[in-house]
Amino acid sequence: MANQDNGKGFLPIFLVMVIVTLAIAFSVAIWVPGEPTLKLRLAITYGLLILIFLFGFVILAAIASGKIDITELLEEETGGASTSRFQLLIFTFVIGLSFVLIVACNCKFPDVPTNVLALLGISASTYGVSKGIQAGAKNGSSDTKPSGTAINDGASTGLPGRTI
Amino acid sequence: MRFLVTMAYWEVVVLVGGLFGIVFWKLFTGGIPLKGLLDGDVRDPNSADGFSTQASVGRTQSLTVTLFLALWYLLQVIHNPREFPRLSDTLMGALAGSQALYLAGKAGAMFLGRLRNLLK
């Protein structure tokens, strides 16, 4: 229900974005001098550029204001932040930022070396395997533990320890 | 056409920079909680749901290696923004080893629990 309400809230914004885009595209097509094909190309390019920017800006504004909730971005099912999600986020941002910097400097699509792909691959695989381990352990736990039955009666011996 | 390129450049800077800025701002202000980042679940028969939460050395070393490598990579790109920096096999091995250690520790803790419980 809440999602439907959010969708309705975005509809007028979406319409405004389309109208602004069309207005800019028409302005470029009418006032920019040149060949008709060049004017058409410029109008479409400027229009798409503005539309993508407006879409991105609305999404960013929604994230910043909390309409798009990212509070559980790093959260595990059991609660608490996940290390594998955090490192995937860090590497994605680092590679993304590097990509933008390199494209801005060279003005062309850069060659992506295999070690960059390997870096992201290791990071994403860690996240995937981590999820698999978690799901497997939880399933194993629910399969082997009968409900309402005491598994270990030596509860008083449970002292805090370390994972590894 | 030059204006178009400049406009596209600033559009990417605003959108990508804005996304990074918002996510990091939320991370630092607690909008995205980092509580329990270094804690891991351990199989614990004494716990009600079969698992308890403990501080994890595996997570700590994984996070340290990740932050070190990410910072190093970013500095390399800022130093020479013409191409992606080459990562040496040593660094890749260190990252892979760190992640493998983290996953092995997690698997051990989740499937086997504490060594003390196994030996009982």
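No value in this document is a laboratory result; all are computed from the given coordinates. Predicted, not measured: the structure shown is a model, and the values here were computed from it. Counting neighbours? That spans all protein chains shown, and the Cβs are built from the backbone with ideal geometry, glycine included.
Some observations on this one:
- Taking a sphere under 14 Å around the Cβ of residue A:75 and counting the other residues whose Cβ falls inside, with K and R at +1 and D and E at -1, yields a net charge of -2.
- Here A:31, B:72 are placed in order of increasing Cβ neighbour count within 10 Å, fewest first, which gives A:31, B:72.
- Rounded to 0.05, the FRET efficiency of the residue A:131 and residue A:38 pair, given R0 = 51 Å and the Cβ-Cβ distance, is 0.50.
- Cβ crowding within 10 Å averaged over residues, with B:52-58, A:92-98 ranked highest first: B:52-58, A:92-98
- In chain B, helical runs assigned H by DSSP with n ≥ 4 each contribute -39500 (n - 2.57); averaged across all residues and rounded to the nearest 500, the mean residue ellipticity at 222 nm is -22500 deg cm²/dmol.
- Note on B:100-107: average number of Cβ atoms from other chains within 10 Å of each residue's Cβ is 5.
- Given charges at Cβ of Lys, Arg, Asp, Glu: the protein assembly as shown dipole, positive-most of A:132, B:109, B:62: B:62
- Pairs beyond 31 Å (Cα-Cα), from A:67/A:131; A:131/B:26; A:108/A:131; A:39/A:108: A:108/A:131
- Rounded to the nearest 20 debye, the dipole magnitude of the protein assembly as shown is 280 debye, with +1 charges on Lys and Arg beta carbons, -1 on Asp and Glu beta carbons, and the Cα centre as origin.
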